[in-house]
1. Go through 112-121, 92-101, 53-62 and give me the packing order, highest mean Cβ count within 10 Å leading.
2. Take peptides 66-72, 129-135 and line them up by average Cβ neighbours within 10 Å, highest first, as a rough protection proxy.
3. Can you compute the helix-only [θ] at 222 nm over the chain? Use -39500 (n - 2.57) per DSSP H run of at least 4 residues, normalise by all residues, nearest 500 deg cm²/dmol.
4. Cα centroid distance between the range 98-157 and the range 167-193, in Å?
5. If you average the sequence gap of Cα pairs under 8 Å that are 6 or more apart and divide by the length of the range 2-191, what percent do you get for the contact order?
6. I'd like the orientation of helix 63-73 relative to the chain: the angle between its Cα long axis and the longest Cα principal axis, in ° from 0 to 90, rounded to 10.
7. Reported to two decimal places, what Rg/Rh ratio describes the chain when computed on Cα atoms with Rh from the Kirkwood expression?
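FYI, it's all coordinate maths here, none of it is from the lab. On a predicted model such as this, the values are computed, not experimentally measured, just so you know. For neighbour counting, all protein chains shown are included, and Cβ atoms are generated from backbone atoms with ideal geometry for every residue, glycine included.
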Amino acid sequence: MKRGLLILILTSLSIGFFAQDGDFYKRLSSAAIELTNDKVTYDPRYFTIPYPNGDVPADKGVCTDVVIRAYRKLGIDLQQKIHLDMRANFSKYPKNWGLKGTDRNIDHRRVPNQALFFSRFGTVLKISDKGSDYLPGDIVTWDLGGGINHIGIVTDRMSRDNKRPLIVHNIGRGQVLEDCLFSFKITGHYRYK
């Protein structure tokens, strides 16, 4: 009887853990969708911003800012987390910009840096051509061609044919919710909490 009770307790705890975990990603999806209500002009300029919890002006941003802002709504500061990891592990991060050290104003706003951070501290998920493999709260990166990378957040909203989840991203028209999961070559698929 004691063994059965222990199994029941452990099962209840694991179900509770997964329910809480799923709730986080549902809230991340909702936070991303909420961002689409804000009028944002695509603006890739360099900004000097506060640290930690710094942000570019609220009416400006790029694709990485969508991810940063959605996580911030849940109390996670990617500016600080990425900066601290880059400072401790600079050699592991891409050298695309010829930097000799970190820059807490911009490092977290670069797709390759976010992707590496998510691969180091989150879960790397399979890349597939099935919409059902992409769950609310997942992070997806794409190669747009010509050396241009892109990033967005998978939501719980679905395409008209119900085959693909919609994505919140900013590819030039502000923070929008679109059916674009398979519009570009997917280069990364992550979960991070």
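1. Highest mean packing first, the order is 112-121, 53-62, 92-101.
2. Ranking, from highest mean packing down: 66-72, 129-135.
3. -11500 deg cm²/dmol
4. 9
5. Relative contact order comes out at 25 percent.
6. It is inclined by approximately 50 degrees.
7. The Rg/Rh ratio comes out at 1.02.
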